[in-house]
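Asks: A single structure is presented below for examination.
The values are calculated or read from the model by the stated rules, or taken from the named source; none is laboratory data. Note that the structure is predicted; figures quoted are calculated from it, not measured. We place every Cβ from the backbone using ideal geometry, glycine too, and count neighbours over all the protein chains shown.
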């Protein structure tokens, strides 16, 4: 029988709290040591790609069709065959791609670094302009925000709803403020809420008329094939849509195989058009003699094509889906009639985003930590780590085993309740 | 019988030229297609590391001693075991290292990028200062110069002699000009001259007292184990030496396995101290969740330790040495008594640097190119591609087979002579 904590009297709060406290102490005595702070695959997911490591060995043929020996220097923007592969999967023309190293985050950093030094569209370099800003749909990805902080870019949070970020706000802001130079988007299974940008939202992105001629959309399609359901969820091809609207210079799109093969040794991709593409290719031709082409070949031989890739992702799903299902079931059981916690039910991606009662997120995370379960810091999903409501927590259920996850989630539910009661009882 | 072309009469020049022209036409009719433009290993050198690809496979153990699964995210600054390995080889403490991706050039670019954005030693970011400058020992490495051009850093060439760059000039320049922020050094087997910085030169570097508090030495030790002789050539440990002199923030040191294992899939290293190390680690922790640790493991298992590494380098030497020997022999035979060409005899590295008669380098390269042999552009070894004497050419003998190299060098010798005669005869 789920109690609605909002309706408890003070006395009932105390009674409830004392019961929970005893349970909490039991958890503590178990000396748990679990990490749910980052979207890391579980070890058994990594095993799914082990065979990839055998695909390239001392007996392999290293000559590509283009005549290049992948072991040697050269081909700075990626193997043509690898561009063809990612083109087939994404529907974006192979010519639009740069195939990078093992980190799409690095490519985002590099792109922003380019604009800091050289600017875009003939405008003054971002680094020479005063007080430039990015729009940051929030809750969002803390590493995006960290890049902004690193470059001294001021962040403006943008509210999210079930269709994506608040487009009215975005359109209004960028039409009026020429210091706004960019926006971070995770358009499919957004980090952390798992929101899929609706076609309408994406199309409004493609039609943006920014006051800043050097405004850019950073479209981090990190979870493009990371589905948890059978539903075929596709989002607008933003590059194509922008092109249609005379906005081909707006978007820069990112993909990665980090959560397809190995997070420590995947392949990243960047796609864009026009000057962006020329400029970023030129930048990379100065920054490196080429990315790791042997690893590109390894991926190519293992992932092969769209259909093989989707089969492979199905195996990830078989590991991930039960974890998400268990979590959601547990949250429903524990908070079904108790409005002190709300959550999303993602159809893909790596996170479940929850909102505690206002002012309880930090305390919930602290309580979990003190009992041995590390969560993403409360606030991390907002620019500058500041959640105005101290309410959002990103739960990353993928890394622990399902048994550990169950344990951790039981503790989490307990801590959510305790944090609420501690607030109510002025124990914070 | 070698003729001294400087002593030829005009008539003799014409006679000589016409003979050479016939030979040249014969070369042309062979439709050569050889590339000696870059310091690329020959394919058989790449074969030396093939077994490395078998070292990590689907059956491998991926857990490091520190508990990390190399396949997953994490450990941004490199595997501890990899740091220990490079420390053993270089004599620099493991704690000073960041182990990177496949490109040391990228790490140089990233370090400069950091200073552009954040500056050093509390000074204004380089990108916000007006007209900053780098000292560029020349002839030098064109990719270093390209990085300066990319970041809008003015380059000041510095003369080289057999002990390294002109230290009087350097000391004087940086003591007086606070806009000089850095210097490029390839201290062992310099690109392209193969010069080894003497201990005296290195020690003067370590004692520099730059007017700019944000001055940095970029010490690209690209050829640290790339010996061509039995002579044990070691250079000063610049990090240690700078530390002794209260200058620990000056040097940033770079290494790479590109020419040890695979140019397309090696491992790069950066070493520095104090704030530099903290800052660059922080930068990388924002730029990436980690470099390719599986490739680090692969290298670790293959290269093992200093002694195994030196054994491996011996195999490279067995392929490279005959090429260098043949080249030098040919140059001596062709130009022994003919001062229109001088050259170095490197004890390691990847290049032979030659100086043609003044004003003849571009023409020599053009003639070679028209007959199917691509050399590094004349001028490329100087900042902005401008060799004031139009004299220096970098020859990269490593990529072609020794037979092809012989052919290419015969053509080269011919072209050097023709270029001189064409200049003398006002045919340019």
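Asks: Any residue in the stretch B:267-275 that is more than 18 Å from residue B:51 (Cβ to Cβ), in contact (Cβ under 8 Å) with a residue 24 or more places away in the chain, out of contact with any helix residue (DSSP H, G or I) (no Cβ under 7 Å at 6 or more places or on another chain) and surrounded by fewer than 23 Cβ atoms within 10 Å (Cβ to Cβ)? Break it down into steps so the answer makes sense when it comes.
Replies: First, pick out the residues of the stretch B:267-275 that are more than 18 Å from residue B:51 (Cβ to Cβ): B:268-275.
If we keep only those that are in contact (Cβ under 8 Å) with a residue 24 or more places away in the chain as well, we get B:268-275.
After this cut, where a residue has to be out of contact with any helix residue (DSSP H, G or I) (no Cβ under 7 Å at 6 or more places or on another chain) as well, the list is B:274-275.
Applying the additional criterion that residues be surrounded by fewer than 23 Cβ atoms within 10 Å (Cβ to Cβ) yields B:274-275.
Yes, the conditions are met somewhere in the stretch B:267-275.
Asks: When you go through A:297, A:309, A:331 one by one, which is the residue that is touching a strand residue (DSSP E or B) at 6+ places or on another chain (Cβ under 9 Å) and in contact (Cβ under 8 Å) with a residue 60 or more places away in the chain? Give the steps one after another, and end with the answer.
Replies: Numbers: A:297 fails: touching a strand residue (DSSP E or B) at 6+ places or on another chain (Cβ under 9 Å); A:309 fails: touching a strand residue (DSSP E or B) at 6+ places or on another chain (Cβ under 9 Å).
Checking each option against the conditions leaves just A:331.
Asks: Tell me, yes or no, whether the stretch A:356-374 has at least one residue that is closer than 21 Å to residue A:228 by Cβ and modelled with pLDDT of 95 or more. Break it down into steps so the answer makes sense when it comes.
Replies: Residues of the stretch A:356-374 closer than 21 Å to residue A:228 by Cβ: none.
No.
Asks: Any residue at all in the stretch A:86-93 that's outside any loop (DSSP other than H, G, I, E, B) and within 19 Å of residue A:149 (Cα to Cα)?
Replies: We begin by selecting, within the stretch A:86-93, every residue outside any loop (DSSP other than H, G, I, E, B); these are A:86-90.
Narrowing the set further to residues that are within 19 Å of residue A:149 (Cα to Cα) leaves none.
Scanning the stretch A:86-93, I find no residue that is outside any loop (DSSP other than H, G, I, E, B) and within 19 Å of residue A:149 (Cα to Cα), so the answer is no.
Asks: Scan the stretch B:13-35 residue by residue and report those that are out of contact with any strand residue (DSSP E or B) (no Cβ under 8 Å at 6 or more places or on another chain), touching a residue at least 24 places away in the same chain (Cβ under 8 Å) and away from chain A (no Cβ under 14 Å).
Replies: Quick first cut of the stretch B:13-35, residues out of contact with any strand residue (DSSP E or B) (no Cβ under 8 Å at 6 or more places or on another chain) only: B:13-31, B:33.
If we keep only those that are touching a residue at least 24 places away in the same chain (Cβ under 8 Å) as well, we get B:13-14, B:16-17, B:20-21, B:23-24, B:27-28, B:30-31, B:33.
The answer is B:13, B:14, B:16, B:17, B:20, B:21, B:23, B:24, B:27, B:28, B:30, B:31.
Asks: If residue B:274 satisfies every condition in (1) within 14 Å of chain A (Cβ to nearest Cβ); (2) at positive phi but one, which is the exception?
Replies: (1)
Asks: Taking the stretch B:355-371 only, how many residues are in contact with a strand residue (DSSP E or B) (Cβ under 8 Å, 6 or more places away or on another chain) and either under 16 Å from residue B:341 (Cα atoms) or buried (at least 17 other Cβ atoms within 10 Å of the Cβ) (or both)?
Replies: First pass over the stretch B:355-371, keeping only residues in contact with a strand residue (DSSP E or B) (Cβ under 8 Å, 6 or more places away or on another chain): B:355-357, B:361, B:364-365, B:368-369.
Checking the rest, the ones that are also either under 16 Å from residue B:341 (Cα atoms) or buried (at least 17 other Cβ atoms within 10 Å of the Cβ) (or both) come to B:355-357, B:361, B:364-365, B:368.
Matching residues across the stretch B:355-371 total 7.
Asks: Of the residues that sit in the stretch B:124-133 and are free of Cβ contacts under 8 Å to residues at least 60 places away in the same chain and closer than 24 Å to residue B:385 by Cα, which one is nearest to the other protein chains (Cβ to nearest Cβ)?
Replies: Per the criteria, the residue is B:127.
Asks: Being within 21 Å of residue B:189 (Cβ to Cβ) and out of contact with any strand residue (DSSP E or B) (no Cβ under 9 Å at 6 or more places or on another chain) is the filter here; which residues of the stretch B:139-166 pass it?
Replies: Residues of the stretch B:139-166 that are within 21 Å of residue B:189 (Cβ to Cβ), as a first pass: B:139-147, B:157-166.
Once the filter is applied, which keeps residues that are within 21 Å of residue B:189 (Cβ to Cβ) and out of contact with any strand residue (DSSP E or B) (no Cβ under 9 Å at 6 or more places or on another chain), the stretch B:139-166 yields B:143, B:146, B:161, B:162, B:163.
Asks: Among the residues of the stretch B:96-108, is there at least one that is assigned to a loop (DSSP other than H, G, I, E, B), in contact with a strand residue (DSSP E or B) (Cβ under 9 Å, 6 or more places away or on another chain) and more than 9 Å from chain A (Cβ to nearest Cβ)? So that I can check it myself, show each step before the final result.
Replies: Step one: list which residues in the stretch B:96-108 are assigned to a loop (DSSP other than H, G, I, E, B), which gives B:100-103.
Now restrict to residues that are in contact with a strand residue (DSSP E or B) (Cβ under 9 Å, 6 or more places away or on another chain): B:100-103.
Still in the list and also more than 9 Å from chain A (Cβ to nearest Cβ): B:100.
Looking through the stretch B:96-108, at least one residue is assigned to a loop (DSSP other than H, G, I, E, B), in contact with a strand residue (DSSP E or B) (Cβ under 9 Å, 6 or more places away or on another chain) and more than 9 Å from chain A (Cβ to nearest Cβ).
Asks: Within the stretch B:48-67, take every residue that is more than 9 Å from chain A (Cβ to nearest Cβ) and surrounded by 15 or more Cβ atoms within 10 Å (Cβ to Cβ) and give me the one that is farthest from the chain's Cα centre (by Cα). Please lay out each step first, then the result.
Replies: Residues of the stretch B:48-67 that are more than 9 Å from chain A (Cβ to nearest Cβ), as a first pass: B:48, B:55, B:61, B:63-67.
Among the residues that remain, those that are also surrounded by 15 or more Cβ atoms within 10 Å (Cβ to Cβ) are: B:48, B:55, B:64.
Working: B:48: 21, B:55: 29, B:64: 33 Å.
Among them, the one singled out is B:64.
Asks: Let me ask something else. Residues in the stretch B:242-267 that are at pLDDT 95 or above and in a loop (DSSP other than H, G, I, E, B): how many?
Replies: Of the residues in that region, 16 qualify.
Asks: Which one of these does residue B:91 not meet: (1) at positive phi; (2) within 13 Å of chain A (Cβ to nearest Cβ)?
Replies: Among (1) at positive phi; (2) within 13 Å of chain A (Cβ to nearest Cβ), residue B:91 violates only (2).
Asks: If residue A:385 satisfies every condition in (1) closer than 28 Å to residue A:234 by Cβ; (2) out of contact with any helix residue (DSSP H, G or I) (no Cβ under 7 Å at 6 or more places or on another chain) but one, which is the exception?
Replies: Only one criterion in (1) closer than 28 Å to residue A:234 by Cβ; (2) out of contact with any helix residue (DSSP H, G or I) (no Cβ under 7 Å at 6 or more places or on another chain) is unmet by residue A:385, namely (1).
Asks: Now a separate question. Taking the stretch A:186-216, which residues are buried (at least 22 other Cβ atoms within 10 Å of the Cβ) and closer than 20 Å to residue A:116 by Cβ?
Replies: Once the filter is applied, which keeps residues that are buried (at least 22 other Cβ atoms within 10 Å of the Cβ) and closer than 20 Å to residue A:116 by Cβ, the stretch A:186-216 yields A:210, A:215, A:216.
Asks: Return the only residue of A:280, A:270, A:239 being within 23 Å of the chain's Cα centre (by Cα) and part of a strand (DSSP E or B). If you could, list the steps in order and put the result at the bottom.
Replies: Details: A:280 fails: part of a strand (DSSP E or B); A:239 fails: part of a strand (DSSP E or B).
The match here is A:270.
Asks: Here's a follow-up. (1) under 30 Å from residue A:379 (Cβ atoms); (2) in contact with a helix residue (DSSP H, G or I) (Cβ under 6 Å, 6 or more places away or on another chain); (3) away from chain B (no Cβ under 12 Å): which one isn't true of residue A:84, the others all being true?
Replies: Every listed condition holds for residue A:84 apart from (1).
Asks: Same structure again: Output the residues belonging to the stretch B:36-47 that are surrounded by fewer than 23 Cβ atoms within 10 Å (Cβ to Cβ), in contact (Cβ under 8 Å) with a residue 40 or more places away in the chain and at the interface with chain A (Cβ under 7 Å from one of its Cβ atoms).
Replies: B:38, B:46 - these are the residues of the stretch B:36-47 that are surrounded by fewer than 23 Cβ atoms within 10 Å (Cβ to Cβ), in contact (Cβ under 8 Å) with a residue 40 or more places away in the chain and at the interface with chain A (Cβ under 7 Å from one of its Cβ atoms).
Asks: Still on this structure, I have one more. Would you point out which residue out of A:150, A:73, A:141 is surrounded by 24 or more Cβ atoms within 10 Å (Cβ to Cβ) and either within 13 Å of chain B (Cβ to nearest Cβ) or more than 21 Å from the chain's Cα centre (by Cα) (or both)? Walk me through how you get there before you give the answer.
Replies: Details: A:150 fails: surrounded by 24 or more Cβ atoms within 10 Å (Cβ to Cβ); A:73 fails: surrounded by 24 or more Cβ atoms within 10 Å (Cβ to Cβ).
Exactly one of A:150, A:73, A:141 is surrounded by 24 or more Cβ atoms within 10 Å (Cβ to Cβ) and either within 13 Å of chain B (Cβ to nearest Cβ) or more than 21 Å from the chain's Cα centre (by Cα) (or both), namely A:141.
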